[in-house]
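What follows is a single structure, written as structure tokens, with notes after it.
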Amino acid sequence: MDETTDSLMVQQERRRKVPSESNLWRQLNVLQQSGVSSMHSYGYELAFIREREGEKWVVMQLHDSVIIIDEDGNVETEPDIKIRK
């Protein structure tokens, strides 16, 4: 196998593993934890964390609706993010 194939296999394997919400929670700063707690009351669930442009974003979902919470705890209700199904 070449390096590209190995890298692709590692990415696919990572995608199969769904981290528990408690593991994700520990990766959040206090402002993000507050935002996540607030959005839980509306029914949103913590889906995953995405690092982009040197910043960690929390991705939450409610049915087909997706929001993100940035490192300052700001909630973006119409993020430009693609979710695989």
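Just so it is clear, none of the values below were taken in a lab; they were calculated from the coordinates. These figures come from a predicted structure and were not determined experimentally. In this analysis, Cβ positions are derived from the backbone assuming ideal geometry, glycine residues included, and neighbour counts consider all displayed protein chains.
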Qualifying chymotrypsin sites (Phe, Trp or Tyr not before Pro) in the stretch 32-85, DSSP loop, other Cβ atoms within 10 Å at most 16:
Tyr42
What number comes out for the charge environment of Lys56, summing +1 per Lys or Arg and -1 per Asp or Glu over other residues with Cβ under 15 Å away?
-4
Under the Debye formula (equal points on every Cα, no solvent term), log10 I(q)/I(0) of the stretch 20-85 at q = 0.17 Å⁻¹:
-0.51
So, counting K/R as plus one and D/E as minus one, what does the shell of residues with Cβ under 11 Å around Pro79 add up to?
-1
